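Report on the structure given below.
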Amino acid sequence: MAALMRLACSLPVLRAYLASPWPLGQKLLLLWRIARNKRRIVSATGFFEQLVMITALLKLDAPGVVVECGTYQGGSAANLSLACELT
């Protein structure tokens with residue numbers, strides 16, 4: 001039951017991510033790389049939390065740099081850097 005609830009809650013996150021203005025192939029590759037990093041790098045945030053941050057980042061249309069203040073062991077920083085690589 002918990003897995004079903006988690007899936008139901010994650011559908012809006014996935015839908016918003018896939019609606020972001022980047023080619024589908026790039027978004028799917030980024031999803032795969034994020035999932036791979038989640039298995040390799042310890043992070044205080046979960047996959048979907050990071051996906052929400054990355055979706056917001058990809059929707060921005062402003063020049064500048066991305067700064068993550070406070071890093072546990074670098075998991076979300078690594079995934080944010082992957083998103084920045086697209087922009």
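Quick notes
- Tabulated pairs, segment 43-68, first under 15 Å from L30 (Cα atoms), second among the charged types (D, E, K, R), C-beta under 6 angstrom, 6+ apart or interchain: F47/K38
- Segment 64-75, residues that are of a type in the set (V, I, T) and either in a helix (DSSP H, G or I) or under 22 Å from A16 (Cα atoms) (or both): V66
- Pairs with Cβ under 9 Å, 6+ apart, first in segment 26-38 and surrounded by 13 or more Cβ atoms within 10 Å (Cβ to Cβ), second hydroxyl-bearing (S, T, Y) and in a helix (DSSP H, G or I): K27/Y17; L30/Y17; L31/Y17
- Hits in segment 41-56 - residues which are within 8 Å of the chain's Cα centre (by Cα) and over 14 Å from T71 (Cα atoms): F47, F48, E49, L51, V52, M53, I54, T55
- L58 aliphatic (A, V, I, L, M), modelled with pLDDT under 85, part of a helix (DSSP H, G or I) and surrounded by 15 or more Cβ atoms within 10 Å (Cβ to Cβ): yes
Yes or no, residue by residue, for (1) part of a helix (DSSP H, G or I); (2) modelled with pLDDT of 80 or more; (3) out of contact with any helix residue (DSSP H, G or I) (no Cβ under 7 Å at 6 or more places or on another chain):
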{"residue": "L4", "(1), (2), (3)": "yes, no, yes"}
{"residue": "A8", "(1), (2), (3)": "yes, no, yes"}
{"residue": "V13", "(1), (2), (3)": "yes, no, no"}
{"residue": "W32", "(1), (2), (3)": "yes, yes, yes"}
{"residue": "E49", "(1), (2), (3)": "yes, yes, yes"}
{"residue": "I54", "(1), (2), (3)": "yes, yes, no"}
{"residue": "A62", "(1), (2), (3)": "no, no, yes"}
{"residue": "A77", "(1), (2), (3)": "yes, yes, yes"}
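- Selected residue (only one of S43, S20 is out of contact with any His (no Cβ under 9 Å at 6 or more places or on another chain), surrounded by 15 or more Cβ atoms within 10 Å (Cβ to Cβ) and modelled with pLDDT under 80): S20
The values are calculated or read from the model by the stated rules, or taken from the named source; none is laboratory data. All of these numbers come straight from a predicted model, not from anything done at the bench. So basically every Cβ, Gly included, is an ideal-geometry build from the backbone, and we count neighbours across all protein chains shown.
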